[in-house]
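Below: one structure, written as structure tokens.
The values are calculated or read from the model by the stated rules, or taken from the named source; none is laboratory data. Since this is a predicted model, take the numbers as computed values, not measurements. Every residue, glycine among them, receives a Cβ derived from its backbone with ideal geometry; neighbour counts consider all protein chains shown. Surface areas here come from the heavy atoms of the whole protein model, side chains and all, with no ligands, DNA or RNA. Shrake-Rupley method; radii C 1.70, N 1.55, O 1.52, S 1.80 Å.
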Amino acid sequence: MQTTKSNSKPNINKLAKLKYDETRNLNFILLPEKIVKLNGTANAILSLCDGTKTISEIIELLEKKFSVDAIEKDVMDFISDAKNHGWITI
Amino acid sequence: MDGLQSKEKNPLSGIAPPYALLAELTHSCPLHCLYCSNPINLVKKEKELSTSHWLNIIEQASDLGIMQMHFSGGEPLIRTDLEQLINKTRDLNIYSNLITSGIGLTQNRLSNLITSGINHIQLSIQSHEAVSTKVITNSECFQAKQSIASLIKESQLPFTINIVLHALNLDNIEEIIEMCISWGAHRIELANTQYYGFALANQSVLLPNKLQIEKAFAIYQRKKQEYGNKIEIIWVIPDYFEEYPKPCMGGWGLIQLTITPAGQVLPCPAASIISSISFENVREKSLDWIWYESSSFNIFRGDMWMKEPCKSCIYRFDDYGGCRCQAFAITGSASNTDPVCKYSPYRPLIDNAISTTNSRENILANIKYRNLD
């Protein structure tokens, strides 16, 4: 499998849709026959995957927003998983 | 079977809201497929819910926590208000999926659906070529489906092709998969026939033999590996050939509900056959009340209703005793263990059905098509 590069620009898979559900007070990713509950971190990352930002830029935005650092490996791992699940395309 | 673990969890710690709604807009359909899982007695056009009923249902569904709506039928394109309903799901940020035979989908109609905000189309096919498609659907529709697939492909809409598998097409699974890919599908669902409604009436024609299933499954696995992440290929298990039943609908009244063209609210699309249960109608009761309070939704929640061998089984919260509709259709009681289960005293009925598949001849002579007025 190709390794994900930090200058690539992930986008939500066109089969998928992000949704905040008021009934459950939770975030989800909706796919043709699947609904997946997202934790806060997953939702924060996926919300930034809009096809215009590179992974490096996404990491930078997350670091600023949550006042954290050294998250690069975690974000890269998540993006790679999300790609394998078909949630995003790169 | 994979995926079953010996864990005991109790889903009755409270009833969770539903995730998905299957909206059967009409039972009318240009095709008359041998494997149709709709009931033998279809809802007549004049009994169908109106546009305002459906718009109200979508609002209620959204309040209830529904995040995904599948518009189905029959053929949902026959309803001229389809775009209006899809528009409503978009306004409420509900994921909309159109489950269609494709027949009636013109360029103009497709543009309207896109403008309305459709999220995904699932197109059915029956075979990889015209002659067998005609046998299976009792209609000349293969060429039309090919053109329609090409329209959908050009539109770049998210696109699944679904094929129901059975004795008449399993041997061609490789050609079928290749055709779905060349037609531009992003996902392929290879769904082995579920024997409900009209499909059960045609079981002697449709039920494959074990060798057919094994060969087809091996090809599916090879293709899945070959295409990797490029395309999602899904195999829906032929439950008759398993040792344990499927956790039907993810459990009765746990994840999703179905509304029939006449407004009956069901925990499973096949449930209307269970004549021992009186199902509610959305014309008379709210969706919220039906989901949380009605006896038809509560009757098979939890494990209090179970008898042996389910009652003491470690898998009872994994498969929920299997499919209630199949238990009713084959054993005569909806609270029996699904007869597919190897511990069910009725399992020999399933084994007998399978054993007849090795010796039958001239199966096409047994085909039954729907008699429509």
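Backbone geometry of segment B:293-304 corresponds, through the Karplus equation with coefficients 6.51, -1.76 and 1.60 at θ = phi - 60°, to 3J(HN,Hα) couplings of 10, 5, 5, 5, 8, 7, 4, 10, 7, x, 10, 5 Hz, x marking Gly and Pro. Between B:P267, B:P208, B:P18, the Gaussian network model of chain B with springs among Cα atoms under 10 angstrom shows the greatest mean-square fluctuation at B:P18. Legend: P(r) of the protein assembly as shown from all alpha carbon pair distances, 20 Å bins from 0, whole percents, reading 23, 58, 19, 1. Remark on A:L38: its backbone amide H falls under 5 Å from those of A:N27, A:F28, A:I29, a criterion applied only to residues 5 or more positions apart or on other chains, H modelled at 1.01 Å from N. Its relative contact order, with pairs defined as Cα atoms under 8 Å and 6+ residues apart, puts chain B at 20 percent. Modelled label positions at B:Q225 and A:K5, each set 7 Å beyond Cα in the direction of Cβ, lie 3.0 nm from each other. Look at the stretch A:7-19: the mean tally of other chain Cβ atoms within 10 Å of its residues' Cβ atoms is 3. The relative contact order of segment A:11-85 comes to 21 percent, based on Cα pairs under 8 Å that sit 6 or more residues apart. Using Cβ point charges alone (K and R +1, D and E -1), the dipole size of the protein assembly as shown about the Cα centre works out to roughly 200 debye. Ordering A:T41, B:F300, B:A201 by Cα displacement along the dipole of the protein assembly as shown toward the positive end leaves B:A201 in first place; charges were set at the Cβ atoms of Lys, Arg (+1) and Asp, Glu (-1). By the rule of a C-alpha distance below 17 Å, with chain neighbours fewer than 8 residues away ignored, the lysines paired with B:K88 are A:K17, A:K19. Less than 5 angstrom separates the built amide H of B:L207 from those of B:A167, all sequence-distant by 5 or more or on a different chain. For B:K342, a cut-off of 26 angstrom between C-alpha atoms picks up these lysines, skipping any fewer than 8 places away in its own chain: B:K7, B:K9, B:K210, B:K215, B:K246, B:K307, B:K311. Annotation: per residue accessible area for the protein assembly as shown equals 45 Å², rounded to a whole number [probe 1.4 Å, protein chains only].
For peptide B:155-162, what's the mean number of Cβ atoms from other chains within 10 Å of each residue's Cβ?
Counting other chains' Cβ atoms within 10 Å and averaging over B:155-162 gives 2.
Descending by average beta-carbon neighbour count within 10 Å, the peptides B:144-154, B:338-348 line up as B:338-348, B:144-154, the highest first. In the frame of its principal axes, segment B:295-373 has Cα extents of 46, 36, 19 Å, reported largest first.
Spatially, segment B:162-179 and segment B:295-309 are offset by 37 Å when compared through their Cα centroids. Under 12 Å from the 7 Å Cα→Cβ point of B:S286, by amide nitrogen: which residues of segment B:63-85? The answer is B:63-64, whose backbone nitrogens lie closer than 12 Å to the label point. Heavy atoms of chains B and A lose about 1800 Å² of accessible surface on contact, summed over both sides with a 1.4 Å probe.
Projecting label points 7 angstrom from Cα along Cα→Cβ for B:L151 and B:S182 puts them 2.2 nm apart.
Each 5 Å bin from 0 upward holds the following percent of the Cα-Cα pairs of chain A: 3, 14, 27, 25, 18, 10, 3, 1.
Within the straight-line cut-off of under 12 Å between alpha carbons, the aspartates and glutamates reachable from B:K145 are B:E129, sequence neighbours fewer than 8 places apart in one chain being disregarded.
Taking the charge dipole of the protein assembly as shown about its Cα centre, with +1 at Lys and Arg Cβ atoms and -1 at Asp and Glu Cβ atoms, the residue from B:S286, A:H85, B:Y369 reaching farthest to the positive side is B:Y369.
What is the distance in Å between the Cα centroid of segment B:111-132 and that of segment A:55-72? About 41 Å separates the Cα centre of segment B:111-132 from the one of segment A:55-72. Subtracting the Cα-Cα distance of B:D351 and B:S295 from 0.36 nm times their residue separation leaves 16.8 nm of extension gain.
Taking 0.36 nm per residue of separation and subtracting the Cα-Cα distance, what length does fully extending B:I255 through B:L92 add?
Working: separation 163, 0.36 × 163 = 58.68 nm, distance 1.93 nm.
Taking B:I255 through B:L92 to full extension adds about 56.7 nm, to one decimal.
About the centre of its Cα atoms, chain A shows a dipole size close to 320 debye [charges on the beta carbon of Lys, Arg (+1) and Asp, Glu (-1) only; nearest 20 debye].
If R0 equals 35 Å, the separation of the Cβ atoms of B:I237 and A:K53 corresponds to a calculated FRET efficiency of about 0.30.
For chain B, take the alpha-carbon Rg, divide it by the Kirkwood Rh, and send me Rg/Rh.
0.94
In chain B, helices alone account for a calculated mean residue ellipticity at 222 nm of -9500 deg cm²/dmol, with every DSSP H run of four or more residues adding -39,500 (n - 2.57).
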